[in-house]
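The values are calculated or read from the model by the stated rules, or taken from the named source; none is laboratory data. Being a predicted model, the structure only gives us computed values, none of them experimental. Ideal geometry is used to build each Cβ from the backbone, glycine not excepted, and the neighbour counts take in all protein chains shown.
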Amino acid sequence: MQENYIKYNRIGVLEQDFAPTPIYPLSGKYSDNTIYMKRDDLIPFSFGGNKARKAAEFYREIVSLHPDVIMTYGSNSSNHCRIIANMAAAMGISCHIISPDEKAAGKNGRELYNSILVKQFGATVETCPVSAVAQTIEIRKNDYLKKGMLPYFIMGGGHGNCGTEAYVKTYDEILMQQQQMGLHFDGIFHASGTGTTQAGLVCGQLLRHADIPVIGISIARVNPRGKDAVRASIRDYLGDRFEELFDESLLNFTDQYICGGYGRYVQETENLIDTVMQTEGIPMDTTYVGKAFWGMIEYLREHAICGQKIVFIHTGGTPLFFDRIG
Ligand SMILES: *Cc1c(COP(=O)(O)O)cnc(C)c1O
C-alpha cells in the first residue's frame, strides 16, 4: 500500500463489497400491494444513500489513479457532494466542489445540512453562475494540471459508468435477496434524478435477462429529456451490447409526480412522510425519497395495480430530512 494512502482504513465500508442492505415489508397499508423497502439509506458511510454506493465505485478508480485532488460539482442540497467531500477527507485527498450560485434554503432560511457538511469535511467550495459551471470546471482542472497536480473529476450526482455499475450490482443484490426470502418481486420503484441509478438497475435487468421491471419516479426532469438521459447512460454502459440487449419497453421513467420541479412537493407528500415516520420509523426527505414514495403510491393507484410485491429503494438523502424539520 502506498504511504500517502495510509488513511484508507478510515473509508471503512467503501473498501469492500457492501453487505446487502436490508429489504423488509412495511407494516402500514399504503396501497393494495405489499410494499417492501430496501434500505440503501442505511449504508454505513456518510449517512448512506445511492451516492454512497456510487462513491464506492469511484473509490476503486481513485485508489488506482492516485489523484491529488477530487473535483466534482453540485448544488448546496447535493447528497453527492457531501459524500465525495466525506470520502476525500477520509482518504486525505483535497476536494474541490463547484456549485451554482442559486441558493435553496432550509427552514427559516437556514443553510442546508449537506452544504454545512461539505464545508466541515474541509472541501473547497467555489460558487459561480450556473451558466459558468462547465467552464469553471475546465479552468480549475487545467490550473491543477499546470501546478503538476492530478485532479480526479466526478460528474455531478455521480453520473457515469462507475455510478451505473453501482446499481447493476444492486439489481443483482435484489435478485439474490428475493431468492433468499423465497418470494418474487413484481416491481422496483425508486426516485430518479440524473438517471444513473435507474440506468444501473435497468442494465442489471437486461444483463441478467431478469423479469423485475424498474419504474423510476422522476423528482424533477420531464420527458423526453428524463428518459433520454437514462437511455444514454444505459447505452454508455452497455457499449457494443446495447443494440442486442436494450428494450425500450423496459425503460419506465414517469414525470407525472414532479409537482412542478426540483425540490417542490405537495401537502400529501409531507403527510405521507409523517405517516411513514410514525408507522415505520423511517425518515424520508421531500426532494427525493418522500416525493418518489408518494409518487409510487399514486402510480400504483392510478394504474390499478394490486396484489403485487413491490420494492421501493430508499436512496438516502437523510441530511435533507433534517432540512425540513429545522
Ligand atoms: C441523487 C439522488 C437520487 C437520484 O439518483 P440519480 O442516480 O441521480 O437518478 C435519488 N435519491 C436521493 C436521495 C439522491 O440523493
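Please tell me if GLY156 is modelled with pLDDT under 95 and either within 17 Å of the chain's Cα centre (by Cα) or away from the ligand (no atom under 16 Å from the Cβ) (or both). Against the criterion (modelled with pLDDT under 95 and either within 17 Å of the chain's Cα centre (by Cα) or away from the ligand (no atom under 16 Å from the Cβ) (or both)), GLY156 qualifies. Is it true that TYR167 is hydroxyl-bearing (Ser, Thr, Tyr), within 16 Å of the ligand (Cβ to nearest atom) and free of Cβ contacts under 8 Å to residues at least 60 places away in the same chain? The answer is no for TYR167. Here THR254, THR279, THR286, THR275 are screened, and the one residue that is without any contact (Cβ under 8 Å) to a residue 40 or more places away in the chain and of a type in the set (S, T, N, Q) is THR286. The listed residues are PHE246, PHE253, and the only one of them that is within 13 Å of the ligand (Cβ to nearest atom), aromatic (Phe, Trp, Tyr), surrounded by 15 or more Cβ atoms within 10 Å (Cβ to Cβ) and at pLDDT 95 or above turns out to be PHE253.
With respect to the conditions (1) within 30 Å of LEU183 (Cα to Cα); (2) modelled with pLDDT of 95 or more, ILE116 falls short on a single one, namely (1).
Report, by residue number, each residue of the stretch 148-162 that is farther than 30 Å from GLY204 by Cα and assigned to a helix (DSSP H, G or I).
Taking the stretch 148-162 first, the residues farther than 30 Å from GLY204 by Cα are 148-151.
None - no residue of the stretch 148-162 is farther than 30 Å from GLY204 by Cα and assigned to a helix (DSSP H, G or I), so the list stays empty.
Looking only at the stretch 278-312, how many residues end up being assigned to a helix (DSSP H, G or I) and either closer than 21 Å to ILE212 by Cα or within 16 Å of the ligand (Cβ to nearest atom) (or both)? So that I can check it myself, show each step before the final result.
Narrowing the stretch 278-312 to residues assigned to a helix (DSSP H, G or I): 278-280, 289-302.
Now drop any that are not either closer than 21 Å to ILE212 by Cα or within 16 Å of the ligand (Cβ to nearest atom) (or both), which leaves 289-302.
So the answer is 14.
Might you check whether a residue that is buried (at least 17 other Cβ atoms within 10 Å of the Cβ) and away from the ligand (no atom under 16 Å from the Cβ) occurs anywhere in the stretch 220-242? Checked against the condition, which is being buried (at least 17 other Cβ atoms within 10 Å of the Cβ) and away from the ligand (no atom under 16 Å from the Cβ), the stretch 220-242 yields at least one hit. Of all residues in the stretch 53-74, none satisfies being within 16 Å of the ligand (Cβ to nearest atom), closer than 19 Å to THR286 by Cα and surrounded by fewer than 23 Cβ atoms within 10 Å (Cβ to Cβ). Evaluation of MET37 against the conditions (1) at pLDDT 85 or above; (2) out of contact with any Pro (no Cβ under 9 Å at 6 or more places or on another chain) shows that the sole unmet condition is (2).
Hey, could you check the stretch 125-170 for residues that are among the hydroxyl-bearing types (Ser, Thr, Tyr) and out of contact with any Ser or Thr (no Cβ under 7 Å at 6 or more places or on another chain) and say which is farthest from PRO319 (Cα to Cα)?
Initial filter on the stretch 125-170 (among the hydroxyl-bearing types (Ser, Thr, Tyr)): 127, 131, 136, 144, 152, 164, 167, 170.
Keeping just the survivors that are out of contact with any Ser or Thr (no Cβ under 7 Å at 6 or more places or on another chain) gives 131, 136, 144, 152, 170.
Values: SER131: 27, THR136: 27, TYR144: 31, TYR152: 26, THR170: 23 Å.
Only one residue tops the list, namely TYR144.
Can you report the number of residues in the stretch 188-214 which are in contact with a Gly (Cβ under 9 Å, 6 or more places away or on another chain) and away from the ligand (no atom under 13 Å from the Cβ)? Before you say what the answer is, go through the steps one by one.
Filtering the stretch 188-214 down to residues in contact with a Gly (Cβ under 9 Å, 6 or more places away or on another chain) leaves 189-202, 210, 212-214.
Of the ones still in play, those that are also away from the ligand (no atom under 13 Å from the Cβ) are 210, 212-213.
Looking only at that region, the number is 3.
Grab the strands (runs of 3 or more DSSP E) fully contained in the stretch 29-147, keeping just those with 2 or more residues being in contact with a helix residue (DSSP H, G or I) (Cβ under 7 Å, 6 or more places away or on another chain). Step through it out loud before you land on a result.
Values: elements: 34-39, 69-73, 94-100, 124-128.
Counting at least 2 such residues, we get 69-73, 94-100, 124-128.
Taking the conditions exactly as written (out of contact with any Lys or Arg (no Cβ under 9 Å at 6 or more places or on another chain) and in contact (Cβ under 8 Å) with a residue 60 or more places away in the chain), does SER249 satisfy them or not? Against the criterion (out of contact with any Lys or Arg (no Cβ under 9 Å at 6 or more places or on another chain) and in contact (Cβ under 8 Å) with a residue 60 or more places away in the chain), SER249 does not qualify.
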